[in-house]
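Structure first, commentary second.
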Amino acid sequence: MTDGAADAEPENTHDLQQDEGVLVIRTIAMPADTNPAGDIFGGWLMSQMDLAAGNLAGRIARGRSATVAVEGMQFLRPVKVGDEVTLYASLKSTGRSSMRIHVDAWARRRFAETSAKVTDADFVFVALDDEGKPRAIGDA
Ligand SMILES: CC(C)(COP(=O)(O)OP(=O)(O)OC[C@H]1O[C@@H](n2cnc3c(N)ncnc32)[C@H](O)[C@@H]1OP(=O)(O)O)[C@@H](O)C(=O)NCCC(=O)NCCS
């Protein structure tokens with residue numbers, strides 16, 4: 001790498017197009033995940049987003065947690081079979097037991113270099129005790 005390369009504008013690749021959050025899941029959309037029209041079923045994408053948010057929630061809560069609400073879900077573009085789907089999660093806020101986690105989903109067509117945001121939403125998770133009751137975050 002030359003000295004100038006480090007200062008150059010980043011290439012427009014999927015790794016650099018996230019608008020926020022940390023990469024939690026990267027997977028490939030498969031034919032089994034399609035709707036009758038042949039595009040990827042929105043429910044599959046929602047489940048991947050829930051998994052991504054739950055993964056971050058588990059690290060923050062340091063224990064069991066559950067989804068209590070999903071807000072502002074937007075489907076911006078279709079996901080196609082073979083797309084590389086990447087989920088980014090970021091903690092927006094915490095309450096006593098709740099965590100609001102924003103998830104962005106990006107898709108890269110199988111033979112392309114660039115990607116585009118396909119879906120985003122806020123997931124609210126609640127830290128739970130062994131009885132399934134809300135517990136304060138940090139009380140493992
Ligand atoms: C999660 C659950 C234990 C919460 O029970 P609850 O009686 O609503 O508990 P509380 O009223 O004490 O609320 C707990 C926290 O969740 C928040 N919360 C509850 N409902 C919410 C909603 N619809 N939207 C945003 N936050 C919500 C509360 O504000 C509170 O936050 P805080 O502790 O940070 O102040 C209960 O709703 C539950 O078991 N839901 C099912 C969860 C589940 O199975 N998810 C998987 C779906 S298949």
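Values quoted throughout were computed directly from the atomic coordinates according to the rules given, and no laboratory measurement underlies them. What you see is a predicted model, and the numbers here were worked out from it, not measured in a lab. Positions of Cβ are backbone-derived with ideal geometry, glycine not excepted, and every protein chain shown enters the neighbour counts.
Structure summary
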quantity	calculated
Among V70, V79, V124: highest mean-square fluctuation, GNM of the chain, C-alpha pairs under 10 Å	V70
Cross-link partners of K133 among lysines (Cα-Cα below 30 Å; sequence separation of 8 or more within a chain)	K92
E84/I60 FRET efficiency (R0 41 Å; Cβ-Cβ; nearest 0.05)	0.95
Most mobile listed residue (F123, F75, F111) in the chain, GNM with C-alpha springs under 10 Å	F111
Contact order normalised by residue count of the stretch 55-126, Cα under 8 Å, 6+ apart, percent	39 percent
Cα-based shape type of the chain, given that a ≥ b ≥ c are square roots of the gyration tensor eigenvalues and the cut on a/c is 1.5	oblate
Computed lengthening from D39 to A69, 0.36 nm per intervening residue step minus Cα-Cα distance	8.2 nm
Within the stretch 54-71, backbone nitrogen closer than 14 Å to the virtual label 7 Å beyond the Cα of I25 toward Cβ	54-58, 67
Most mobile of G43, G21, G54 in a GNM of the chain (Cα contacts under 10 Å)	G43
Sequence-separation-based contact order of the stretch 78-120, relative, with Cα cut under 8 Å and 6+ spacing, percent	37 percent
Helix 42-61 axis, angle to the chain major axis (alpha carbon atoms, nearest 10°)	60 degrees
Check: the chain dipole with +1 on Lys, Arg Cβ and -1 on Asp, Glu Cβ, in debye	500 debye
Over the chain, relative contact order from alpha-carbon pairs under 8 Å, at least 6 apart, %	29 percent
Dipole of the chain [Lys/Arg +1, Asp/Glu -1 at C-beta], most positive-end residue of N35, L87, S97	S97
